[in-house]
Amino acid sequence: MSNIGYIQVHAYTAKAQLPLRNVAVAITDKQGKTIALRLTNSSGKLDRPIEIPVPSPAAGLSPNTGIVPFTTVNLYAKGENFEEIEAINIQVFPNIITVQNLQLIPLSELPQYQNQVEIFNTPAQNL
C-alpha cells in the first residue's frame with residue numbers, strides 16, 4: 001500500500017475571504033508532471049482533497065538519512081479576471097491534509113499585473 005498525503009485549496013478574494021468559484025488549480029510534481037487539475041466549488045475549495053504519493057512516515061524518524069518525510073509539489077491557480085498565483089515547494093506529509101490558501105486579487109485593482117504571476121515559495125524545513 002502506498003503512502004498518501006493530501007492537498008486542499010481555499011481560493012478567496014478580499015481580506016473578508018469571499019470564496020471564489022471556478023478557480024482552475026493545477027498540481028505538478030518537481031519535474032513539472034501534472035498530478036491533478038481541478039476547479040474550486042462555490043465554497044472556494046476543491047470538492048475533495050487531492051491525493052499525493054508521499055514517503056513512508058518512517059522516513060522522518062531517523063536523523064541524517066538524507067530522506068525527507070514529505071513530497072514537494074507546485075500549485076498553479078487562475079481565476080477569470082484575477083491575478084495568477086504560483087505556489088512552489090509545497091510540502092505534503094503522509095496522512096495529513098495540507099491546506100493552501102490562495103488570496104486572489106482582482107485584476108481591476110492591479111491592472112499592471114495583467115500578464116504577471118505572483119509566486120510564493122515555501123522554504124525548506126529543517127527536519
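The values are calculated or read from the model by the stated rules, or taken from the named source; none is laboratory data. Bear in mind that the values here come from a model prediction, so they are computed numbers and not experimental data. Backbone-built Cβ (ideal geometry, glycine too); neighbour counts: all protein chains shown.
Numbers below:
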quantity	calculated
Subset tally (residues that are touching a strand residue (DSSP E or B) at 6+ places or on another chain (Cβ under 7 Å) and either modelled with pLDDT under 95 or closer than 10 Å to residue 9 by Cα (or both)) for the stretch 40-56	10
Residue within the stretch 1-17 that is among the small types (Gly, Ala, Ser), part of a strand (DSSP E or B) and out of contact with any Gly (no Cβ under 9 Å at 6 or more places or on another chain) present	yes
Matching residues in the stretch 31-72 - criterion: being of a type in the set (S, T, N, Q) and either at negative phi or in contact with a His (Cβ under 6 Å, 6 or more places away or on another chain) (or both)	31, 34, 40, 41, 42, 43, 56, 62, 65, 71, 72
Single unsatisfied condition, residue 102 versus (1) surrounded by fewer than 17 Cβ atoms within 10 Å (Cβ to Cβ); (2) within 12 Å of the chain's Cα centre (by Cα)	(1)
Residue 87 farther than 22 Å from residue 108 by Cβ, crowded, with 20+ Cβ neighbours inside 10 Å and of a type in the set (Gly, Ala, Ser)	yes
Cross-chain or 6+ apart pairs with Cβ under 8 Å, the stretch 106-123 first and farther than 20 Å from residue 16 by Cβ and at pLDDT below 65, then surrounded by 11 or more Cβ atoms within 10 Å (Cβ to Cβ) and not aliphatic (A, V, I, L, M)	113/83
Given (1) at pLDDT 95 or above; (2) surrounded by fewer than 13 Cβ atoms within 10 Å (Cβ to Cβ); (3) farther than 27 Å from residue 16 by Cβ, number of the condition residue 73 does not satisfy	(2)
Yes/no for residue 48 being part of a strand (DSSP E or B) and among the charged types (D, E, K, R)	no
Inter-residue pairs, beta-carbon under 7 Å, first closer than 14 Å to residue 87 by Cβ and in the stretch 22-37, second modelled with pLDDT of 95 or more and aromatic (Phe, Trp, Tyr), 6+ apart	26/76
